[in-house]
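Everything below concerns the one structure shown next.
The values are calculated or read from the model by the stated rules, or taken from the named source; none is laboratory data. Because the structure is predicted, anything quoted here is derived from the model rather than measured. Here the Cβ positions follow ideal geometry from the backbone for every residue, glycine too, while neighbour counts run over all protein chains shown. Accessible surface is based on the protein model in full, side chains and every heavy atom, while ligands, DNA and RNA are left aside. Shrake-Rupley method; radii C 1.70, N 1.55, O 1.52, S 1.80 Å.
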Amino acid sequence: MKRVFVLLSAVTLFAACGGKSDATGEVVPIDKVCAYEKWKTVAVEGYLAPPSMVCEKASRKKTSSIAWCFFKVYADQNLAGPSISVQIPTTNALNAKNNSMEDPPARMEDLQIYDNDGNPIPPGSKIRVFGELPKSDRCEFGFAKRIDRLS
């Protein structure tokens, strides 16, 4: 059992090293994405809503750091109407900044998320997010496979 745990940990660590993603998929309007095929990479375009951020720790220990955060992405720049929840992992010393975010800051204005090229995405930018819908009734992406800044 210990060997299996060590092997799974090593695979997870290697996969977390990150870098540029080559994920591709059909761009689907946010109001239609929930009806899209499950477990198939798809993209939506819209605007990230930082106030919707909900973060989770890597484990339940008080000393654990934040591992990822969920954000809503809205088709409308005013952050209204249809949306989808997207999970964005945090960066650490072992992985690249591509398609991830810095640890959540104390002030929302200091939030820093990086695109597929590792460049910071300015607040209010339109983005394209690639992800997969889970095989469930929930309409959300798991980890963002790729984040591109459009404007």
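Key figures
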| item | result |
| --- | --- |
| Accessible area in square angstrom per residue, the range 30-81, 1.4 angstrom probe | 62 |
| Amide H partners (placed H, <5 Å) of Gln112, local residues excluded | Glu102 |
| Potential lengthening between Arg138 and Leu150 on full extension [0.36 nm per residue; Cα-Cα distance subtracted] | 1.7 nm |
| Computed label-point distance, nm, for sites Ala58 and Lys40 using a 7 Å Cα→Cβ extension | 3.6 |
| Estimated distance in nm for a label pair at Ala67 and Glu26, the labels positioned 7 Å out from Cα along Cα-to-Cβ | 3.2 |
| Solvent-accessible area of Arg138 with every protein chain in place, 1.4 Å probe, in Å² to the nearest 10 | 140 |
